[in-house]
Each structure stands twice: as C-alpha cells, then as structure tokens.
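The structure appears right after this line, and notes come after that.
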Amino acid sequence: MLLLRLSTLVALLICTVASVRAQTISRVRNGFEVEIEHTFTIKSETSTLEIERYSGDVDLVGGDRDQVIVREVVYVKARNEEEAREKGVRFFTEIEETGDGIRIEGALRYGDNKSLYVELARGMRVFVSTTNGDITVYSTDSEVELGTGNGDISVVRSSSDVEVHSGNGDIDISDVGGTVTASSGAGDITLSEVDDYVDLETGAGDIEVVRVKGSVKAQTGGGDITVEEVADQVDLRTAGGSIEAYRIAGSADLSTAGGSIDLVDIGGNLFASTFGGDIEGNSVGGTISAETLAGDIEFFNVQDDIVVTTEVGDITVSIRNSEFLQHGFVELRADNGDVDLRLPRNTNANVSIDLGFDGEFDTQDSPRSLRLKEMTQGLRRGRVRSVKGILNGGGGRIEIRTGSGEVSIDASR
C-alpha cells in the first residue's frame, strides 16, 4: 500500500494534466472529424512518450517547454454533430500518465480513420509502435525509436540516436546528431546528414546515403545502393542491384549478386565483387581487390597494390604513380577477355604474362607502348604462350593472364 502511494505521488509530481480541450467537430466527406486535445505539464528532465498498437498516422514535433500536447483526430460516420461527438468519445485512444511521462495505447478493434499529433516536452524520449500508418518526427533532442507494421517513416532533425523499423514502407531520415539504425521489409531508405555510424537494411528497396561522419553499413535484398560523402568506412551489399560509392574517406567493401559497381575517390582499401556486372573505379587510395564473373573491369589512377579478375570481360588498369611498384604488385586476370595495362614510363617492375590457350601479347612498336627488357618467351606447339621481362631496372611484380584475349602494356597519358 505504501509503495502504491509513493508511485502515485511520483506520478503527480512528474506529470500532471493541465487541461483537456473540448471536442472540435468538422464535417468532411460523408462524416465528421472529431478532435480532442490534451495538455500535460512535465516536471521531469528525462521524460518518455510511449505509443503502442496505434492504428493511424502519427506526427511528433519537438518542443522547448515542459509541456506535452496530444491532439487526436478521429473520423466517424454520423448523421449529425451530436452523434459524431458520442462516437468520437468512444473511439478516442486512452492516454495514461506514467511515472516518467505519457503512455498512449491504441485499441486494435477500432482501427479506422485516426491520426495523432504530439508536441513533445523538452528532452523527451520517444518510443512509438503502430500497426498501420505513417510516422513523422521533426526536431527532437533525445532518443527516438519508431516502428510501424505498414507505413512510411520520416525523421528530420534529431540531436540523438534514431532507430526505426517499417514492415512495409519507405524510410527517410535527415539531420541526425547520433547513430542511425533503420530497416524496412520492402521499402526504400533515404538518409542524409548523420554525425555517427549508420546501419541500414531493406528486403526489397533502394538505399541512398549522403554525408555521414561515421561508418556506413547498408544491405538490400533486391535494390540499388548509392552512398556519397562518408567520413569512415562503408560495407554495402545487395542481392540484385547496382552499387555506387563516391568520396569515401575509409575502406570500402562492396558486393552485389547481379549488378554493376561504380566508385570514385575511395581513401582506403577496396574490395568489390559482383556475379554479373561491370566494375569501374577512379582514384582508390589503398589496395584494390575486384572480381566479376561476367563483366568488364576498369580502374584509373591506381595508387597501390591491385588484384582484379573477370571470367568473361575485359580489364583496363591505369596507374599514374607507380612508386608502390618498387615492392608492390599488380595481378590482372581475364579468362576470356583483353587486358590493357597503362603505366608511367619510369615504372620499375618484373613482368610475367600467361597467354593461356589462345591469348596474344601486343608487341607492336607504337609511341605509347612500353618495351620489355630482357624479354623471354615460352613456346608451346610453336606459339608464344608466355612472356617475361623487366621494365627499366625491375622491381615489383606484374602478373597478367588471359585465356583468349590480347594483352597490351602502354604508357599512361
């Protein structure tokens, strides 16, 4: 009994109802919209808003006062305002004062047209779970956790961590001061301006990310991924779409089961893999490992060790500064395709070329071709099947293999 009295006293001190505004009734379509507004005064610095099992749209707006305003609109079919008021009272959602804030629990049996608007108290944490409907949050200064079974979710301007989940809807998040965790069963995810790490997943949608100060992890079961301006590393995976990554300060791990990969300005190491698409990259600051079963591979402005493989497709690699080749390596393998390697004229390297069953090495004396010194050729059935030599004084390792294509080594432009 004493504990019950203490709990009641705490609730009264922390959260008190200031006023309840009378119902406002408006005629719409074939019925009425009935609106009621509650105002609560919050005494706690760490208050919480909990919404559970609500069926309808929910809009939340951050505030800078010690008050919470809850406004609910219910659509009812009625012959007149008096009947509409009576039905509205029955359909309004129950609002409960708790020890640390407000709790709103929906009644699944009603589930028709409803919407909820809440102006939050300063520093109020938010936990929302709806069965059906969109959720919109704007300008909050504390933790946000949202979930809906069927609807879109939008969060704009939150100074703390954000976690959102939608069973079947799009997710749009921008201007977040903490971490972001988001998942959708079958919707697109769009995200921008985040100050910490990001973890995103969708079962069948596209993912777009712009300007993140932490790392990014993104996965989709059947859509494209585009990521731009990330201050840390990225891990991007799709089961059936393309990947684009631009201006990534850290390393990049990119994998798709059926699409192309395009990347520009990767500061760290790169791993890129696709089962059925082209890979094209420009300006990778670290090592490169790239492979495709069926597609072309092109890399420009290579600055470190590189290993690329394609089963069916051509390879083009251009190296601007070959200092790494003093002790580094280049490995290029096109089982059924051409290999074009472009190097600075002052490159020092040991070169080994395997021409497989039907490959050819371009030995034409053109202004851009680089001549191998101390060149030796391996013959098989009277045909050149391998070539070895050095560039300038020799140094790092260059290994090239093709089964049925042409190999050329030229000077970079």
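Looking at the range 266-277, can you tell me whether even one residue there is surrounded by fewer than 22 Cβ atoms within 10 Å (Cβ to Cβ) and either under 13 Å from Ala334 (Cβ atoms) or of a type in the set (Phe, Trp, Tyr) (or both)? Taking every residue of the range 266-277 in turn, at least one turns out to be surrounded by fewer than 22 Cβ atoms within 10 Å (Cβ to Cβ) and either under 13 Å from Ala334 (Cβ atoms) or of a type in the set (Phe, Trp, Tyr) (or both).
Residue check: Asp112 meets all listed conditions (1) of a type in the set (D, E, K, R); (2) modelled with pLDDT under 85; (3) more than 25 Å from Ser166 (Cβ to Cβ) but one, namely (3). Against the criterion of being of a type outside the set (A, V, I, L, M), under 42 Å from the mean Cα position of the chain (by Cα) and either modelled with pLDDT of 95 or more or in a strand (DSSP E or B) (or both), Asn346 does not qualify. Entry remark, the range 187-210: residues being in a strand (DSSP E or B) and more than 11 Å from the chain's Cα centre (by Cα) number 2 in total.
Given the options Gly214, Gly178, name the one that is within 28 Å of Val284 (Cβ to Cβ) and either hydroxyl-bearing (Ser, Thr, Tyr) or not in a strand (DSSP E or B) (or both). Walk me through it before giving the result.
Details: Gly178 fails: within 28 Å of Val284 (Cβ to Cβ).
After ruling out the rest, the residue left standing is Gly214.
For the range 386-396, does any single residue satisfy the condition of being basic (Lys, Arg), under 19 Å from Glu331 (Cβ atoms) and either crowded, with 20+ Cβ neighbours inside 10 Å or touching a helix residue (DSSP H, G or I) at 6+ places or on another chain (Cβ under 8 Å) (or both)? Scanning the range 386-396 turns up no residue that is basic (Lys, Arg), under 19 Å from Glu331 (Cβ atoms) and either crowded, with 20+ Cβ neighbours inside 10 Å or touching a helix residue (DSSP H, G or I) at 6+ places or on another chain (Cβ under 8 Å) (or both).
The values are calculated or read from the model by the stated rules, or taken from the named source; none is laboratory data. Values in this document were obtained by computation on a predicted structure and should not be read as measured data. Cβ coordinates were reconstructed from backbone atoms using ideal geometry, including for glycine residues, and neighbour counts include every protein chain displayed.
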